[in-house]
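Scroll down for the structure; my scribbles are underneath it.
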Amino acid sequence: MKKIIYILLSLLFIFVAFILFLREPLDLPSELDILRAELEEKDESSFDYTHFYNLEDRIDTLIANGEFEKANIFIDSLLISPIDKEFKYSFYFRKGKILHLQSNHVEAIKFFNLAIDSTEKMDLECIFWRSFSFAKLGKCDEAIKDYDFINMHSEKYKKFEHKLNEICNKMEIEN
């Protein structure tokens, strides 16, 4: 029985590796065009979120790899499109994240605020990033207020409290 399970698992692993190896990377410009066309449609019941999620994943990959300019090209293109503000949330957030990572914290906060204002859902990750931008600017009262808010709603971010306090303490010493 163990041999059969081992063989089946091995075959599954080989199949998955084969699929991943043969899979072509997404063509971002064409994905962008498809998504833009879909986002401009008015019938949400037939909306296919696949392209939206694929583009978010690709932009996140560009950001993680430090390819900020390339990510910004796609984000800016979507933000000037006549898409619903609920969809713009995602791209405002990612633009804020890029600006934060580039140490442009004033502009990052503006985009995090645009993201928060463009959706009715509460996104703790956006508030989390905004708290660190506030901290980097020495606005520790705002940073702690944001951080306390997200910690009331999720345990996920508690492990970063030490880092936020470290930044705030450093900023107080410098000022």
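The values are calculated or read from the model by the stated rules, or taken from the named source; none is laboratory data. Nothing here was measured: the structure is a model prediction, and the numbers come from that model. Cβ: placed from backbone, ideal geometry, glycine included. Neighbour counts: every protein chain shown.
In region 149-175, of all residues being of a type in the set (A, V, I, L, M) and free of Cβ contacts under 8 Å to residues at least 24 places away in the same chain, the one that is farthest from LYS136 (Cα to Cα) corresponds to MET152. Basic (Lys, Arg) and in a helix (DSSP H, G or I) - does that describe any residue in region 117-127? There is no residue in region 117-127 that is basic (Lys, Arg) and in a helix (DSSP H, G or I). Checking every residue in region 84-97 against the condition of being of a type in the set (D, E, K, R) and either outside any helix (DSSP H, G or I) or in the same structural domain as LEU164 (by TED's automatic domain parsing) (or both) gives at least one match. If you go through region 63-83 and keep only what is more than 12 Å from the chain's Cα centre (by Cα), in a helix (DSSP H, G or I) and among the aliphatic types (A, V, I, L, M), you end up with ILE73, LEU78, LEU79. Looking across region 109-149 at every residue that is among the aliphatic types (A, V, I, L, M) and under 24 Å from ASP76 (Cα atoms), the one that is surrounded by the fewest Cβ atoms within 10 Å (Cβ to Cβ) is identified as MET122.
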